Amino acid sequence: MSTPPRPVRLLICDDHAVVRAGLLALLGSAPDIEVVGEAGSGEEAVALAAQLVPDVVLMDLQLGPGIDGVEATRRSTALRDGAPYVLVLTTYDTDADITRAIEAGATGYLLKAERPEELFAAIHSAAQGRTALSPPVAGRVMARMRSPRPSLTARELDILGQLARGLGNRDIARALFISEATVKTHLGRIYDKLGVDTRSGAVAVAKEQRLLP
């Protein structure tokens, strides 16, 4: 008799205890998935990923105080020993969120509205290093490939987000722990890519192109 495959070792990261409890109950019904830990913050997720060495981290994006899911993804996938694959599970599907998560190293991007069987399949795909995308997300990615939009880096998207909040260069620099000169350099690149020459113009185009959360 052949030996059954080892269950996928999964770490759950979500800052809502009720959501984590629901996921634990749901995933507990899958014989080929073993939840080895749960985290309520990005920092905890990174620490547990290093300690427990899961195959996959199921990562929410918005995690309250501390680092967000994107930064936690970046740190988790950069672990030296047994870096896990990261499958984002979120309610957010803006181009900015998708771009930042994928650039940070996420293998898949799933929406919380998906059916349980889709979640199970995505976890197994992620464990094998295969891309897993919710249909709406996949549709958005394909649309961008057919009609490319301005390609902003993760840092440029961060600055654009602060810009949309009405922050000046000094406040943006403080919020992102960079210099004002660096902010000005990035703003110049953002203006060039979006084809604008004002802060309000950049925000307007970004919203039109759905580059902002």
Query raised in the report: In region 163-204, what count of residues is obtained for those that are crowded, with 19+ Cβ neighbours inside 10 Å and under 17 Å from Asp97 (Cα atoms)?
Result: 2
Query raised in the report: Tell me, which strands (runs of 3 or more DSSP E) wholly within region 19-135 include 1 or more residues that are open to solvent by 20 Å² or more (accessible area, probe 1.4 Å) and touching a strand residue (DSSP E or B) at 6+ places or on another chain (Cβ under 9 Å)?
Result: 33-39, 85-90, 108-111
Query raised in the report: Looking only at region 70-109, which residues are of a type in the set (S, T, N, Q) and closer than 16 Å to Gln128 by Cβ?
Result: Thr77, Thr107
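The values are calculated or read from the model by the stated rules, or taken from the named source; none is laboratory data. Everything numeric here is computed off the predicted structure, so don't read it as measured data. FYI the Cβ positions are ideal-geometry reconstructions off the backbone, even for glycines, and counts take in every protein chain you see. Protein only, heavy atoms only, side chains kept; ligands, DNA and RNA dropped before computing areas. Shrake-Rupley method; radii C 1.70, N 1.55, O 1.52, S 1.80 Å.
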